[in-house]
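Taking it in order: structure first as structure tokens, then the write-up.
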Amino acid sequence: MSSPVPVPPAEGASDHPRTGPPAVELDGIEKRFPGVIANKDVWLKVEAGTIHAIVGENGAGKSTLMKTLYGMHQPDAGTIHVNGVKVSFKSPSAAIAAGIGMVHQHFMLADNLTVLENVILGSEPQKGGRIDLKTAARRFSDCARLIGSHIDPQRLVAELGVGDRQRVEIIKVLYRGARILILDEPTAVLVPQEVDELFDSLKLLVADGATIIFISHKLDEVLAVADDITVIRAGTTVGAVKPATVDRKQLSEMMVGFQLPTSEPRATEIADEIRLQLDDVVVAGVGAKDLVDHVSLTVHSGEIVGVAGVEGSGQFELCEAIMGLRPLASGTIRLGGRDITELTAQQTRGEGIGYIPFDRHREGLMLSAPLWENALLGREIEPKFRSGPFVNAAAIRADTRALISTFGVRTPSETVPAFALSGGNQQKLIVGRELESDPNVLIAAHPTRGVDVGAQATIWDELRQARDRGTGMLLISADLDEVLALSDVILVMYDGRITASLTPGEATPELLGTYMTGGEQEVA
Amino acid sequence: MDRAGWQRLGYTALSSLAAVAIAFVLGGLLLQVTGHHAISVYRQMFDYGTQPTQLLDAAKRAGPLIMSGCAVAIGFKMNLFNIGVEGQYRVAMLAAAVVGSALVLPGPLQILLILLVAMLAGAAWAWIAAVLKVRRGVNEVISTIMLNAIAIGFTAYLYNSFFRFEKIDSTGRVSLDVKTKPLPENGWIGSMLSTGNGSLAWYFVLALVVALLVWLMVFRTTFGFQLRSSGLNPVAAQTAGIDSKKMIIRSMMISGAIAGLVGMQALMVDEHSYRPGLASGLGFTGIAVSLLGRNHPGGIVVAALLFGFLQASSGILQIQDVPKSIVDIIQGIVVLTVVVVNGLVGRWLDKRTARGTSRALASETVAV
């Protein structure tokens, strides 16, 4: 059982130069997963007693890095120093013992326990084999005072609002003696007033000498609260800046990169025919906030409409709503003039919409099934793949073989199980499956996420060919290069709304970056 | 099936055999510890069990287990744990016994009628659990266990209230008989093979046909594909447009319909009327059979025959003063070892497949 590590309060305000070793120093961190390099050459220097923001797009490698620091996995290369001492955490408990605490984006609280019980869960002070509730309560109030919270420890967590729950999470890590707190996207679930309260709490903590590592992609918040900012892009550190020396625009440029990809001029014309039309589509969330907030858009035949946005801005819910997988609160969806709002997922597919889902492993594939069965998924009711009640195995296997050669899926045969393929080849199989039937509309969500450059080129090429054949495409991507390379119209989604509409000519990564992080489009 | 597929099947069969062997070794240890000579007990069981009469008995016992195993396997294939086979076939037996004796159709139609009623009753009972799951999110494990208890109590209540008959025997004494009215003879399933003391009814063939049909349905039809997809990756299946709620209702009802046939050997071959305590425990053994058979009808047939053999050959044990429960214990250990061994072998096979694939690709690259 750990006890609070007493750390003397830091002297002076946080923007003063300080002596002593940095609270956290990462150097040359590299973390590989099979087929992916999540972090490479990452460095990070967090001074003690400061709020240090780590910004970057989703998928940039922030979470992987924080998991490394918190001991949830071990880096393949690089060193970690905490308070000047070289460490190597084998598990989160080792990190906790060293005074590091993590507040996860998704709360890990038991609803049916009281605040106090949740806080002490797993590190209960004991006296004579029983929980020493007095000591627990005293330590709880010490920790609560640190963040200026007056929460009643006897209340049930089930009765608490989101802001209070988050405070309980913070108290929980303080209770375990954390002096270095990692907060993973803490504001993602909060309304603006709660964000202000959170920041007040964090400032109190820092004044008391704690160090805070704050992960975010909301640049306004970062600029408002952080003492230092480290920017991570594509798994590597691109720079460390002081908020006073940068503005929002520069920061978003650092975050999304400067490179403007060469957009191949298209040879075909966009047709007048409207393929997909959304009017005022609303998808309700759990709370008061709508996940998709009055979205209207139009996709013509032979047109690619790109939707840029930080992940979790409502793109997933939008796609699911279009595909008939999620009910709409209001609004209509039309496919070539036909109202498909009320259709089931299977009927929607039957109308000729293909869908490249967000997460190929979760939503796209049956990993232990052979490729031909994966190629059949979602198309099993098409007449060409049926003979009576039976699956026409010969037809689908021939189709899969054709698909494998057309889309360059690297596999010995169509009977190999999907898990044996690399991510890029799995993705090519899904793209092939969805394009094979020449859909009227294709919803392509992150079509090239986590695939190598070669596979990306193949997939882009196939998407362009489908577009030239007349398919209307809604392209969702967090990868701005992809959006810029493929789209005829670029929409930006933020917080469930479409906040900007641009042509590829006027869109620049920095402009998109601004809109993606909450900047409003200044046009009439 | 291609070479890799056959190989995989071979390894799975081998690993199941190994698991059975391990179970026998553990059972043997238990016998030794309790003061018996394991090898001689096993030898006696084997010698006794391989006599023609006992072999027929083994096949006879296997029939209902094949049905029961197939019923469980259909649920397993889409991650539904239908523990309710027990209750489903009890309800089905009662319904079939009542309708089959009240309504008499000409010739073999009577057999079809009884089987149909049994399937409908089983499906209806399973439907309750499916609807509870789809509408209210009630876990099917809980609801089917509860429905088992309800089914057993409900059928017992019906007997005692509606199926009490006073019968007058040859000596003129009045006695109480608690059972349903007997089925007419054209509703009986006849014997197919018989030796001196034993016989095997056509029910066994029916069970094999059902296993074949289940295999066709699960592995060859479009519906079966949707069922397996929903089991392999429910999210992907749903994203692909497969309505999970419909799949749950349909697969549970099909499972229940097959469960309805489990008790038909006891009803249509042996007793011809339903009485309390007739054929019990087959639903639970079916879960073990399905696990041992890797939820594949072919494997289920083999597993059911093995269990039938064990049960038939255990007759000798009592004579040798060995507790008969040793067979139950071996059956239990078999299930555990199969789960463990198949898990290990499955993981090893997956790795092997992945390695084999990347090797095949590497050599292909060199060739190019």
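Given the C-alpha centroids of region B:111-167 and region B:267-304, what is the distance between them in whole angstrom? What the calculation gives is 17 Å, centre to centre. Legend: residue pairs A:Lys67/A:Lys428; A:Lys134/A:Lys172; A:Lys40/A:Lys86, Cα-Cα distance threshold 27 Å; pairs beyond threshold, A:Lys67/A:Lys428.
How large is log10 I(q)/I(0) at q = 0.10 Å⁻¹ when the Debye formula is applied to the Cα atoms of the protein assembly as shown, each weighted equally and without solvent? Scattering profile of the protein assembly as shown, log10 relative to I(0): -1.22. Against the main long axis of the alpha-carbon atoms of chain A, helix A:133-146 sits at an angle near 70°.
All distinct Cα pairs of chain A go into the 1/r average, and the inverse of that average, the Kirkwood radius, is 25.1 Å. Counted by Cβ distance under 14 Å from A:Val489, the other residues give a net charge of 0, where Lys and Arg count +1 and Asp and Glu count -1. Count Lys and Arg as plus one, Asp and Glu as minus one, and take only other residues whose Cβ is under 11 Å from that of B:Ser314; the net charge is then 0. In angstrom, the C-alpha Rg and Dmax of region A:251-406 are 18.7, 60. When A:Ile147, B:Ile142 are arranged by Cβ crowding within 10 Å, least crowded first, meaning fewest neighbours, the order is B:Ile142, A:Ile147.
Using alpha carbons only, the radius of gyration of region B:239-349 set against its Kirkwood radius gives Rg/Rh = 1.06. Measuring nothing but alpha carbons in region A:376-524 and taking Rh as the Kirkwood radius, the Rg to Rh ratio lands at 1.06. Could you tally the net charge around B:Gly346, taking each other residue with its Cβ under 11 Å from the Cβ of B:Gly346, Lys/Arg +1 and Asp/Glu -1? Summing Lys/Arg as +1 and Asp/Glu as -1 gives +4.
What's the FRET efficiency of A:Thr344 with B:Thr171 using the Cβ-Cβ distance as r and R₀ = 60 Å, to the nearest 0.05? E(calc), rounded to 0.05, equals 0.30. In chain B, the longest principal axis of the Cα atoms and the axis of helix B:109-136 are about 60 degrees apart. From the alpha carbon centroid of region A:408-458 to that of region A:159-205 is 41 Å. The simple Förster model, with R0 at 22 Å and r as the Cβ-Cβ distance, assigns B:Phe81 and B:Arg136 a FRET efficiency of 0.80. Model label points for B:Val209 and A:Ala244, set 7 angstrom from Cα along the Cα-to-Cβ axis, are 8.9 nm apart. Residue order for A:Thr517, A:Thr503, fewest other beta carbons within 10 angstrom first, comes to A:Thr503, A:Thr517. Taking other Cβ atoms within 10 Å as a rough exposure proxy, A:Lys31, A:Lys86, B:Lys179 sort from fewest to most as A:Lys86, B:Lys179, A:Lys31.
Computed from the coordinates by the stated procedures, all read-outs in this text should not be read as laboratory data. Quick caveat: nothing in here was measured; it's all calculated off a predicted structure. All Cβ positions, glycine included, derive from the backbone under ideal geometry; neighbour counts span all protein chains shown.
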